[in-house]
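Presented below is the structure to which this report refers.
A short reminder: the numbers here are calculations on the coordinates, not readings from a lab. Source: prediction; values computed, not measured. Note that each Cβ is placed from the backbone with ideal geometry, even for glycine, and that neighbours are counted across all protein chains shown.
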Amino acid sequence: MDTFSHALWGYGLFGYKRYAVLAMLFGAMPDLISFGAFMFLQIAEGTWHFGKPALESLPAWLFTNYSLGHSFIICIPIIAMVSLWKKGIAFAMLAWPFHIILDFPFHSKAFFATPIFWPLSDFRIDGIPWSHWYIWYPNIAGILILLTYRYHQKSKLKSAKN
């Protein structure tokens, strides 16, 4: 899935009550710590260009960061520890494993299949790329339905208070 969609799913599912920005951030975070950091560096160096980069042009740290951000083995213990401290923040952080769930079936082995059990295993599936119209359009429809539902839910809550 694209990073913006992940942020919107994070907001709609885990940031609608509190910590909206945090839910959006954790929804996008696995991509931001890898491709976002890479894009930032390219912009700073003046070498950024639009489009999908060639795998051989990517630095090794990007693959490590991608694996860190897209692993249940990494995210679940972190969220569990945070939940001991602040349950509301941990709830917003659930956007992170949801990101992984969305990516796992929708990334092919040709370009960043999702390593859900990294570093214990390099298991990945050859998923259907999210860029196909029959994945992309339902994703957009799902986001619109979810955000419309949250909007109406919030409106009902406000009118009930008045």
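Among Gly27, Ile116, His70, flag the residue with its Cα farthest along the positive direction of the charge dipole of the chain, charges on Cβ as +1 for Lys/Arg and -1 for Asp/Glu.
Ranked along the dipole, the leading option is Gly27.
Expressed in nm to one decimal, what extension gain is obtained for the pair Ile78 and Ala141 from 0.36 nm per residue of sequence separation less their Cα-Cα distance? The partial results should precede the final answer.
Working: separation 63, 0.36 × 63 = 22.68 nm, distance 3.12 nm.
Result for the pair: 19.6 nm of gain on full extension.
Treating only the Cβ of Lys, Arg, Asp and Glu as charged (+1, +1, -1, -1), what charge dipole size does segment 3-161 show about its Cα centre? Round to the nearest 20 debye.
Using Cβ point charges on Lys, Arg, Asp and Glu, segment 3-161 gives about 1120 debye.
Among the lysines, select those whose C-alpha is under 22 Å from the C-alpha of Lys158, and discard any that sit fewer than 8 residues away in the same chain.
In chain and number order, the partners are Lys17.
In the chain, which helices (entire DSSP H runs) extend 15 Å or more along their own long axis, judged by Cα positions, while averaging at least 1.0 on the Kyte-Doolittle scale?
20-31, 72-85
Could you work out the relative contact order of segment 3-161? I mean the mean sequence separation of Cα pairs under 8 Å and 6+ apart, divided by the number of residues, in percent.
With pairs under 8 Å counted, the relative contact order is 25 percent.
Using a cut-off of 13 Å between alpha-carbon atoms, which aspartates and glutamates can reach Lys109, once sequence neighbours fewer than 8 places away in the same chain are excluded?
Answer for Lys109, where 13 Å is the Cα cut-off: Asp122, Asp126, listed by chain and number.
Based on the Cβ-Cβ distance from Trp133 to Leu58, what FRET efficiency comes out when R0 is 22 Å, to the nearest 0.05?
0.25
For the chain, with a Gaussian network of springs between Cα atoms less than 10 Å apart, report the residue from Ser57, Ser34, Ser71 with the top mean-square fluctuation.
Ser57
With Kirkwood's inverse mean 1/r over C-alpha pairs for Rh, give me the Rg to Rh ratio of segment 3-161, two decimals please.
Dividing the radius of gyration by the Kirkwood radius yields 1.01.
What is the distance in Å between the Cα centres of segment 109-160 and segment 75-106?
First find each Cα centre; the distance between them is then 15 Å.
Using the beta-carbon distance between Val21 and Asp126 and R0 = 35 Å, what value does 1/(1 + (r/R0)^6) give for FRET efficiency, to the nearest 0.05?
Computed FRET efficiency for Val21 and Asp126: 0.50.
Most mobile of Leu22, Leu84, Leu102 per a Gaussian network model of the chain (Cα springs, under 10 Å)?
Among Leu22, Leu84, Leu102, the largest mean-square fluctuation in the Gaussian network model of the chain belongs to Leu84.
With a cap of 14 neighbouring Cβ atoms within 10 Å, and only residues DSSP puts in a loop, list the trypsin sites (Lys or Arg not before Pro) found in segment 21-119.
Lys86, Lys109
In nm, give the distance between the simple-model label positions of Ala44 and Ser155, each being 7 Å from the Cα along the Cα-to-Cβ direction.
Result for the modelled spin labels: 4.5 nm.
Sort Tyr66, Tyr134, Tyr151 so the one with the fewest other Cβ atoms within 10 Å of its own Cβ comes first.
Starting with the residue having the fewest Cβ neighbours, the order is Tyr134, Tyr151, Tyr66.
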